[in-house]
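Here is the structure we will look at, set down as structure tokens.
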Ligand SMILES: NC(=O)c1ccc[n+]([C@@H]2O[C@H](COP(=O)([O-])OP(=O)(O)OC[C@H]3O[C@@H](n4cnc5c(N)ncnc54)[C@H](O)[C@@H]3O)[C@@H](O)[C@H]2O)c1
């Protein structure tokens, strides 16, 4: 049987643990994968923590230096769960070493970097995938099927949003996500890129946009050990650190197919712990989605053929493989980790079948192109053309 040897980079972080757990449980959850999958390397700068993790997962080597994994001839797949800034350098080195690459979003800091490494991947014929996660949810795959079938006609208008409230309070502490050196585009690459992934997947490429992406809180208390999403006690004399990337983004855009869109995203939506929603309007119908009902779409089709007027709730169920792999009944609720594990399963499937699945590096370069365009538009206060790279 084919063997796929994996290295998880950033293994002690949120995504690193989600990915590692997914690999460890793949066969148990999904049955025969067509390959034997083994994590060989757990890489993280927190040495003590990954040694503990390696003991739990069993049989993994550890290192604080990602080049150990990239230079290992036995490794087939480099899985990048590192902070944004390092994605480009690591992905490029991995592709040049002939490895398949699965990289967390945002793929790179800039469109130029994204186009460069997408070209290397194409030239070398390697499998790539960016971990945009959410569109793997079968609800969105159903939405795509309805759109591609023409069930809602020509798309005219997309409205989307994604928000968290981790930094709604000015006392929420500084973390790497607010550091323009480690996360160049802040919330635009972090959360905006998730909405952009829906736009690219469901509606198509965007040709131009205008965006406003301000830093609303220019400094934050700096507390050692601050963890994403966890409140900490802040003393009056806690030192402050400058925030150097955007807290929020708002944009208007024009898709290549003539549709228009408006989008907002932020990390400052006080009280809204996690918001993700979209509305897609067409000439014959509409589709709306809200993460609060994670596997449910609301679909409208113009009345006729016995169809009543009004939106219908559609729950995806076990007839879709992404759902049926976990649950026998509809509307039991898939979770983020299950959707992510399905993404990991697809990455392995792509390698086994030598068949790429959206979003590859070439697809994701359009998403990074949108992030670039937002930053450029904010700086110039003008509408800008999006460099889709294709
Ligand atoms: N797809 C999604 O839904 C989703 C969700 C969260 C995060 N992300 C992305 O995943 C990536 C990681 O985010 P996270 O929330 O897991 O971050 P995190 O801070 O929890 O984890 C990052 C890990 O990388 C390690 N690390 C940092 N620099 C390193 C280096 N040079 N060498 C080795 N290890 C290093 C850290 O010690 C940490 O354990 C980011 O790009 C983020 O945007 C994606």
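Read-outs: derived from the displayed coordinates by stated rules, not from any lab. Note that this is a predicted model, so its numbers are computed, not measured. Don't worry about glycine lacking a Cβ; one is built from the backbone with ideal geometry, like all the others, and counts go over all protein chains shown.
In this simple spin-label approximation, residue 381 and residue 85 carry label points 7 Å from Cα along the Cα→Cβ vector, and these lie 3.0 nm apart. Counted over all Cα-Cα pairs of the stretch 3-134, pairs farther apart than 27 Å make up 14 percent. Return, ordered by residue number, the residues of the stretch 280-309 whose backbone nitrogen is under 20 Å from a label point located 7 Å along Cα→Cβ of residue 273. Inside the label zone: 290-296. In this simple spin-label approximation, residue 315 and residue 157 carry label points 7 Å from Cα along the Cα→Cβ vector, and these lie 3.1 nm apart. The slack in the chain from residue 219 to residue 51, taken as 0.36 nm per residue of separation less the alpha-carbon distance, amounts to 57.0 nm. If you take the beta carbon distance between residue 171 and residue 305 as r and set R0 to 51 Å, what does 1/(1 + (r/R0)^6) give as a FRET efficiency, to the nearest 0.05? It comes out at approximately 0.35. The calculated 222 nm mean residue ellipticity attributable to helices in the chain amounts to -9500 deg cm²/dmol, summing -39500 (n - 2.57) over DSSP H runs of n ≥ 4 and dividing by all residues.
Between residue 141 and residue 298, the contour length at 0.36 nm per residue exceeds the Cα-Cα span by 55.1 nm.
Per residue, the convex hull around the alpha carbon atoms of the stretch 117-255 comes to 156 Å³. In summary, the stretch 26-104 shows an alpha-carbon radius of gyration equal to 1.14 times the 2.2 N^0.38 Å reference for compact globular proteins.
Relative to the 2.2 N^0.38 Å rule of thumb, the stretch 147-222 has a C-alpha radius of gyration ratio of 1.43. Note that the stretch 82-163 shows a convex hull volume over its alpha carbon atoms of 147 Å³ per residue. Global dimensions of the chain from alpha-carbon coordinates: Rg and Dmax equal 21.0, 68 Å.
DSSP bridge analysis restricted to the chain gives an antiparallel fraction near 60%, rounded to the nearest 5.
Kindly list the residues of the stretch 332-370 that lie in the label zone of residue 290, defined by a backbone N under 18 Å from the point 7 Å along the Cα-to-C-beta vector. It comes to 332-334, nothing else.
With the convex hull drawn around the C-alpha atoms of the stretch 154-197, the volume per residue stands at 82 Å³. Normalised by the number of residues in the stretch 3-134, the mean separation of alpha-carbon contacts (under 8 Å, six or more apart) gives a relative contact order of 23 percent. With no solvent and one equal point scatterer placed on each C-alpha of the stretch 260-390, evaluate the Debye formula and give log10 I(q)/I(0) for q = 0.14, 0.15, 0.18, 0.20 Å⁻¹, two decimals. Debye curve over Cα of the stretch 260-390, log10 I(q)/I(0) at q = 0.14, 0.15, 0.18, 0.20 Å⁻¹: -1.01, -1.13, -1.30, -1.30. Working from label points 7 Å from Cα in the Cα-to-Cβ sense, the residue 21 to residue 2 distance is 2.8 nm.
Counting other beta carbons within 10 Å of each residue's own, what order do 196, 134 fall into, fewest first?
By the 10 Å Cβ count, ascending, the order reads 134, 196.
Applying 0.36 nm per residue to the separation of residue 353 and residue 283 and subtracting their alpha-carbon distance, the gain on full extension is 21.4 nm. Shown for 374, 60: other C-beta atoms within 10 Å of each C-beta, ranked fewest to most, produce the order 60, 374. Note on 336, 88, 300: ascending count of other Cβ atoms within 10 Å places them as 336, 300, 88, the fewest first.
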